[in-house]
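Right, one structure below, let's go through it.
The values are calculated or read from the model by the stated rules, or taken from the named source; none is laboratory data. Predicted, not measured: the structure shown is a model, and the values here were computed from it. A quick note on method: Cβ atoms are made from the backbone with ideal geometry, for glycine too, and the neighbour counts reach across all protein chains shown.
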Amino acid sequence: MSGFPEFALDRAFGHPRGLLGAAGGWLMARCNAATEQQVVRLARLSGTERVLVIGPGPGVGLRAAAGQAAQVVAVEPSEQMRHAAAHRCSDLANVNVQDGDAESTGQPDAAFDVVLSVNNVQLWPDRVAALAELRRVLRPGGTLLLSAHGRWLPGGRTGLDADVRAAGFTDVQVWAWQPPGRSGAQVQARAVRPR
């Protein structure tokens, strides 16, 4: 049985809903913005790509990606965050926010050039299964970019590296990054779906 801290964290960040979800969404938008921007920069988008964003929360990174890509689809398990992300991007015709998560995106095979995920890898119940799903939806040669709170990431950098490789990605790079401000250190990863 989980205690109150786990319950509160799940309601605020894991599956945001209610007042805790609203507070969590506000914190995500404020505290994750630099990391969201960093991951979008790392994607080196040229305006022609189809991008999948996993768990966009309130949509800060989703909006940043949409400004540089042809089409952006987001899958988000929280109804409250789907509404927040859709609202944040309501003026953008190239954004589509859908129900889903990393293990079950509901997207076709090889449909995306880039997959992005910021600060939710640590919440995936089965990280290897989720990574296999993300590999499936990436086109051959497509890029996976992940960023997660290092303090909360099971297995840390080494574990993430091993799981990304186990899912069949190549050219795997995993490193630490410190966002500006008070946000904790991030573990970031870039990998490619083999051709």
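Of all residues in segment 147-195, those satisfying the criterion of being modelled with pLDDT under 90, under 16 Å from Leu42 (Cβ atoms) and in a strand (DSSP E or B) are Trp177, Gln186. On inspection, Leu131 passes the criterion of being aliphatic (A, V, I, L, M) and part of a helix (DSSP H, G or I).
All conditions but one from (1) under 15 Å from Asn32 (Cα atoms); (2) surrounded by 21 or more Cβ atoms within 10 Å (Cβ to Cβ) apply to Trp152; the one that does not is (2).
Can you tell me which residue is nearest to the chain's Cα centre (by Cα) among those in segment 98-129 that are closer than 22 Å to Pro154 by Cα and touching a residue at least 60 places away in the same chain (Cβ under 8 Å)? For segment 98-129, the residue satisfying everything is Ser117. Step by step: first the residues of segment 74-113, then only those that are in a helix (DSSP H, G or I) and in contact with a strand residue (DSSP E or B) (Cβ under 8 Å, 6 or more places away or on another chain), then the one that is surrounded by the most Cβ atoms within 10 Å (Cβ to Cβ). Which residue is that? Filtering segment 74-113 for residues that are in a helix (DSSP H, G or I) and in contact with a strand residue (DSSP E or B) (Cβ under 8 Å, 6 or more places away or on another chain), the one surrounded by the most Cβ atoms within 10 Å (Cβ to Cβ) comes out as Ala85. Pairs are defined by a Cβ separation below 9 Å, a sequence spacing of at least 6 or placement on different chains, a first member in segment 69-88 that is over 13 Å from Leu116 (Cα atoms), and a second member that is of a type in the set (S, T, N, Q) and crowded, with 20+ Cβ neighbours inside 10 Å; the pairs so defined are Ala84/Ser78.
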